[in-house]
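S.K.: What follows is a structure written as structure tokens; I'll ask about it next.
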Amino acid sequence: MKTINEIQKHLDETVNTLLGQHRGRVDVVDIIEVDQLRAVRTKMSGGCKGCAGAKATMNSIVNNHIKTFDPTVNSVLDITDHTDKSNAFFKE
């Protein structure tokens, strides 16, 4: 079971190096544990906030990286408000 800081460090070394190419990043907000469920809540910023590709990035990259790094995580939740598209890398 990894800590918030360990998961964030892993994201910074892997996912955020990729997202940085689009002026974006993802941060761990907190970890919620209820019974045997463990969820990591994340927030995207920069070019990722409001980006048309944010959902795909969360599902195919962020989710997989976190769950592979920490198999005790059941789900990864994106709590970003994607309605603000002013800095989005890809706009719809």
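S.K.: What residue, among those in region 55-77 that are hydrophobic (A, V, I, L, M, F, W, C) and outside any helix (DSSP H, G or I), is farthest from residue 38 (Cα to Cα)? So that I can check it myself, show each step before the final result.
M.R.: As a first pass, look at region 55-77 and keep what is hydrophobic (A, V, I, L, M, F, W, C): 56, 58, 61-62, 66, 69, 73, 76-77.
Applying the additional criterion that residues be outside any helix (DSSP H, G or I) yields 73, 76-77.
Numbers: 73: 5, 76: 9, 77: 11 Å.
Only one residue tops the list, namely 77.
S.K.: Same structure, new question: Would you please list the contacts, defined by Cβ atoms under 7 Å and residues six or more apart or on different chains, that run from a residue in region 70-87 that is farther than 16 Å from residue 42 by Cβ to a residue that is of a type in the set (Lys, Arg) and exposed (fewer than 15 other Cβ atoms within 10 Å of the Cβ)?
M.R.: Listed by first residue and then by second, the contacts come to 85/91.
Yes/no per residue for (1) without any contact (Cβ under 8 Å) to a residue 40 or more places away in the chain; (2) on the phi > 0 side of the Ramachandran plot; (3) under 10 Å from the mean Cα position of the chain (by Cα):
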| position | (1), (2), (3) |
| --- | --- |
| 18 | no, no, no |
| 21 | yes, no, no |
| 27 | yes, no, yes |
| 37 | yes, no, no |
| 44 | yes, no, yes |
| 50 | no, yes, no |
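S.K.: Would you confirm whether or not region 24-42 contains a residue that is aliphatic (A, V, I, L, M), at pLDDT 95 or above, outside any helix (DSSP H, G or I) and touching a Lys or Arg at 6+ places or on another chain (Cβ under 6 Å)?
M.R.: yes
S.K.: Moving on. So residue 5 passes all but one of these: (1) in contact with a His (Cβ under 9 Å, 6 or more places away or on another chain); (2) loosely packed, with under 14 Cβ neighbours inside 10 Å. Which condition number does it fail?
M.R.: For residue 5, the exception is condition (1).
S.K.: How about region 59-76: which of its residues are small (Gly, Ala, Ser) and either surrounded by fewer than 13 Cβ atoms within 10 Å (Cβ to Cβ) or modelled with pLDDT under 95 (or both)?
M.R.: Correct list: 60 only.
S.K.: Filter region 25-46 down to residues that are touching a helix residue (DSSP H, G or I) at 6+ places or on another chain (Cβ under 8 Å) and of a type in the set (A, V, I, L, M) and give me whichever is farthest from residue 59 (Cα to Cα). Break it down into steps so the answer makes sense when it comes.
M.R.: Of region 25-46, the ones touching a helix residue (DSSP H, G or I) at 6+ places or on another chain (Cβ under 8 Å) are 25-28, 30-31, 40, 42, 44, 46.
Pick out the ones that are also of a type in the set (A, V, I, L, M) and you get 26, 28, 31, 40, 44.
Details: 26: 13, 28: 15, 31: 18, 40: 13, 44: 13 Å.
Ranking the qualifying residues of region 25-46, first place goes to 31.
The values are calculated or read from the model by the stated rules, or taken from the named source; none is laboratory data. These numbers come from a predicted model, not from an experiment. Quick reminder, even Gly has a Cβ in these numbers, built from the backbone with ideal geometry, and neighbours come from all protein chains shown.
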